[in-house]
Every structure is written in structure tokens, then in C-alpha cells.
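Single-structure report; data block below.
Readers should treat all values here as calculations from the given coordinates under stated rules, not as data from a laboratory. Just so it is clear, the structure is predicted and the values come from calculations on it, not from any experiment. Here the Cβ positions follow ideal geometry from the backbone for every residue, glycine too, while neighbour counts run over all protein chains shown.
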Amino acid sequence: MGPIYIKELLPYTMRELQAKLNVTESDLKRIIANLMEKNIIDRKNMIYVFKYVGLIESFGRVMFVYPKYIGHINENQAVQLIRLFREYSRSEKLEHEEFETLGIQRTSGQSSNLIPLIDFFIQDYLESGLYSNDITIHELNGVNEIDWEKTVNESTAYKVGNQFVHLDYYSIDRMQDTYDLITKMHKIILAECSDYLIKTGLNYFLGYSKIVFDDYNQSIELDEVAITALDNELNNQFNDRNITLLKNMITYISRRNYVSPNDNVSFFGTKHFHKIWEKVCIYIFTNMPQLYKEIDRPIWEDNLGNKLSARSLSPDIITEANIGSDTFFLLLDAKYYNISFNENNFENKNPKLEDITKQYLYDLALEDYYKRMEYNNKINAFLVPNESEEFKLLGKVYINFLKQLPLKDILIVSLPAEIVYKYYIFKRKLSNEIISELFIDGYPS
């Protein structure tokens, strides 16, 4: 059975979910209970919504929950989102709550998430190969580097003139111990991970081929004895890659042996897609966080005149763009919203009043900086995603009584999500030409 596509925040009845997943009512209740426990699903009046974007595997069913701005997802979009999650989890410092569905727990325990763990093992194997220890072998009169300490201590020195000469010497040869017990366990784990991806169909999303070893030995038990062996090896390791691999092997075996069948659920995605959208926008627009210091901190003063400063305002993106002979100052806020100008959908789909007033306040807080730097051109905008291939200026938002202040209306700019994800994944920045076309050429006077 192929993946089941589910839309983020779209209401589903129990009957609709049962038909989509093609499971019995009792199995569906177990799946829903697991997902509700992990705050993936909300239920209200027997209507269920998914507050999550990404892969879910539970009791043999693979679900892909796609973002709310997409009308009908295709497989290429789903695969790109997995690549986005992978790049995000490697490039950004994950917050604690993101590890549950997107990251790898570095210590063994029941809470470890299987899909990111499998992704780690296979990616690590493709980049660095099987676990191995270097064995040092000394060869008499070999062709490699001479071990002078061993040569001086263990070979005969002959006096020739005023010098002592060693006619024989020991050289150092380093070999990889590929028959090591840990290496064999590594093969078993890789084979199990590969089989799991193929069995569930997750290999399509993660993009891995089947891993096969000719000398694959299943006679080794991945049990407490194996964990003890891994712990002992870990205590004698100083190689960073090997240390990380050993820790995750311990985590995998612990999860494999001790996770309850009733907790049979794995994830690769996020309950906080707005954070990913924000990080994508921050990267492609080349945020300049050093300018945050230009925003005054709030001052707290008691009755005795003692003053304390608190954390200042922090816009998502402050940046500049050089267009022709002019420099434009951009104050941007990434918003994961389906913007609507339809009165019936307005309240639930658009940024709230506090978002608007905060963006105005950022602009006002930087007024002294604008004057000092002699900026005459400034842009204030919300950045929202769309599923087309176009950068669009959708409109603007403003508050009439604030127009008497030196503030710009806040533009609503829609970015083509697939294109900007590609920029983020391949570490590219938006060009000044695109910024000019998007903000400046279409900016209302």
C-alpha cells in the first residue's frame, strides 16, 4: 500500500480517516490515540485535524501530512519537503521540542524516533562506510613510515665510523579491522534499517537504495550483551564519527528491544512548520542580525531611579539590497499563513492585529538608524508561502491612524515555496534582481 496523503489542519471524520488508511476501527483508534498523545492530532466534536507536517509511520501505515497552503500534493513536492527537513535538521540548532519528530536523541532511551535514526545510519554509511578500527601492524623493513622508537629499542645498531646504523628497521602499517564484532552489529542494523524502509515504502521519500552485504551475519543477537559491548567500545573511542555512531547504535538497539508495540509510531517532520518557513526566509534573504542592536531595549526603572534593560524587539529579517545606485532597507516578517481577502475566511487565515502592530513598531524603532544612514528607501513586508512558481505581491495591510507617522504600509508578499526551498537546500541566496522585481518594481507609491 502506498503513502496516504493528509492535509495539515483539514478536518477529518473517523470514517474518512478509516477509509483513507484502510484499517479496522480498532487499529484506527490505536493510531489516533498514539498521535493524540504526541499532540500530532487534535480532536473536537469527533472531528480530527493534524497539527503536523511530514512523514508518519504507524502500524505499517505510512502517512504524509502536507502543508496547509498546498491544494493537492504530488510526490515530487513530498520528496522535496523531506529534503527540506533533512537540511533544516542538519543546518539549524533544533529546539528541544523539535527533537521528538525531527532530530536524533543522542542517548539511549525509549523516546528515540526511528525514522531520523535510520536516516542517520544510512547517510553516515554512504559518507563514511562501515564502522572500523585501525589496527597498527609493524613490518620489518617495510615501505611505510619508520617507527624509530621500536627500531632503536628492538633492532641491532652497528657502528660505522662515528655513527650507529640500523641495518634493519620497523615500519608502521595501519589496517582496518573489518571483522570486528561492532562492524558486524553495524551491518545488521544497516540491513534492518534498509528492510524497514523498503517494507514501509519510506525508501521512496528518503531516496535510498537497498543495502546488501554478502557476509551479512544474523547470528549475532542485538541484546543487552550487544549494548554492553558497544558501551565498552565507546569508552575506548576518541574518533568523533565512531563515538556518534556507537551512541546511536545503542539507542537503536534499546528502542528495538524495549519500545512497546502500542507505541509503534515514527516521525520525520515537524509540529512547528512556521519555524522552518521562518528559517528558510531568513537564509535566502541574508538576514543581518548585527542590526538588531540598533533597536532600543525597554528600560525598567523603579521609584529610586534604578534602571534595568530587558530583551529588545527581534524582527525576523533585517537586510539591505543594492538596486542600481540605490540602497533599499528591508524589514521582513516570515508568516506561515494562507492569506485570504475573503471576508468569510479572514480571521483564521491572516496575521493578527498584534502581528501588524509589532511590524509597525519594528519600523518605528529603526527610525533613528534610517536617518543616521540616510536611508530614503525602505520596505516593510510579510512573507507567506504559495504553491505556484511565481513571486507575487498580493496586497498590503495598514492602520489608518498610523499613517501620520513615518511608517510604510506593510506589503503582503507571496513566495513560491518550492523555489525558495530549493534555494535553502542548495544554499543559495535571492538575487537583487528578484528582490527588485518583487518589492521595488511593484511597490505602490
| query | If you count, for each residue, the other Cβ atoms within 10 Å and average over each peptide, how do 64-72, 206-214 line up from highest to lowest? | reply | 64-72, 206-214
| note | Here the alpha-carbon Rg of segment 272-425 over 2.2 N^0.38 Å rounds to 1.14
| remark: Placing each pseudo-label 7 Å from Cα in the direction of the beta carbon, ASP195 and THR228 end up separated by a distance in nanometres of 2.6 nm
| field | Point-to-point label distance, ILE419-GLN404, nm (Cα→Cβ direction, 7 Å offset) | value | 4.1 nm
| Quick one: of the DSSP bridges fully inside segment 275-440, what percent are antiparallel, nearest 5? | 55 percent
| Considering only PRO406, TYR424, ASN303, whose Cα is most displaced toward the positive end of the charge dipole of segment 297-445, charges sitting on Cβ of Lys, Arg (+1) and Asp, Glu (-1)? | ASN303
| remark: hull vol. (C-alpha, convex hull) per residue for the chain, Å³ -> 294 Å³
| task | Enumerate the amide H contacts of TYR170 below 5 Å, restricted to partners 5 or more residues apart or on another chain; note that Pro and chain-start residues carry no placed amide H. | result | ASN141, ASP147, THR151
| task | Beta carbons within 10 angstrom, averaged per residue: use that to sort the peptides 19-28, 74-83, highest first. | result | 74-83, 19-28
| note | Sorted on mean Cβ neighbours within 10 Å (highest first), peptides 370-377, 399-406 come out as 370-377, 399-406
| If you average the sequence gap of Cα pairs under 8 Å that are 6 or more apart and divide by the length of the chain, what percent do you get for the contact order? | 15 percent
| What list of ³J(HN,Hα) couplings, whole Hz, do you get for segment 8-20 from phi and the Karplus terms 6.51, -1.76, 1.60, once you set θ to phi - 60° and write x for glycine and proline? | 4, 6, 7, x, 10, 8, 4, 5, 5, 5, 5, 5, 5
| task | Hey, can you grab everything whose amide H is under 5 Å from the amide H of ILE6? Only 5+ residues off in sequence or another chain; H modelled, so Pro and N-termini drop out. | result | PHE64, VAL65, TYR66
| Dividing the convex hull volume of the Cα atoms of segment 25-65 by its residue count, what figure in Å³ per residue is obtained? | 69 Å³
| Dipole magnitude (debye, nearest 20) for segment 236-347, charges at Cβ of Lys, Arg, Asp, Glu | 860 debye
| Positive dipole terminus of the chain, leading residue within PRO315, LEU167, ASN248 (C-beta point charges) | PRO315
| query | Taking θ as phi - 60°, what are the ³J(HN,Hα) couplings along segment 361-366 by the Karplus curve (6.51, -1.76, 1.60), each to the nearest whole Hz, with x for Gly and Pro? | reply | 5, 4, 4, 5, 5, 9
| request: Note the full-extension length gain between LYS293 and TYR158 as 0.36 nm times their separation in residues minus their Cα-Cα distance, in nm to one decimal. | output: 41.3 nm
| message | Given axes a ≥ b ≥ c from the Cα gyration tensor, I'd like to know whether segment 338-425 is rounded (a/c under 1.5), prolate (a/b larger than b/c) or oblate. | response | oblate
| Per the Debye formula with a single identical scatterer at each Cα and no solvent contribution, what log10 I(q)/I(0) holds for segment 1-69 at q = 0.14 Å⁻¹? | -0.35
| note | Counting only DSSP beta bridges fully inside the chain, the antiparallel percentage to nearest 5 is 75 percent
| request: With an 8 Å cut-off on Cα pairs and a minimum separation of 6 or more residues, tell me the relative contact order of segment 275-440 in percent. | output: 24 percent
| task | Report, in degrees rounded to the nearest 10, the 0 to 90 angle that the Cα long axis of helix 25-37 makes with the longest principal axis of the chain. | result | 80 degrees
| task | Quote to one decimal, in nm, the extra length available between ASN236 and ILE220 on full extension: 0.36 nm per residue of separation minus the C-alpha distance between them. | result | 3.6 nm
| request: Could you tell me whether segment 297-343 comes out rounded, prolate or oblate from its Cα gyration tensor? Rule is a ≥ b ≥ c as square roots of the eigenvalues, rounded for a/c under 1.5, then prolate if a/b exceeds b/c, otherwise oblate. | output: oblate
| query | Once label points are set 7 Å from the Cα along Cα→Cβ at both TYR375 and ALA33, what is their separation, rounded to one decimal in nm? | reply | 5.6 nm
| note | With R₀ set to 56 angstrom, the calculated FRET efficiency between the beta-carbons of ASN322 and LYS210, to the nearest 0.05, is 0.65
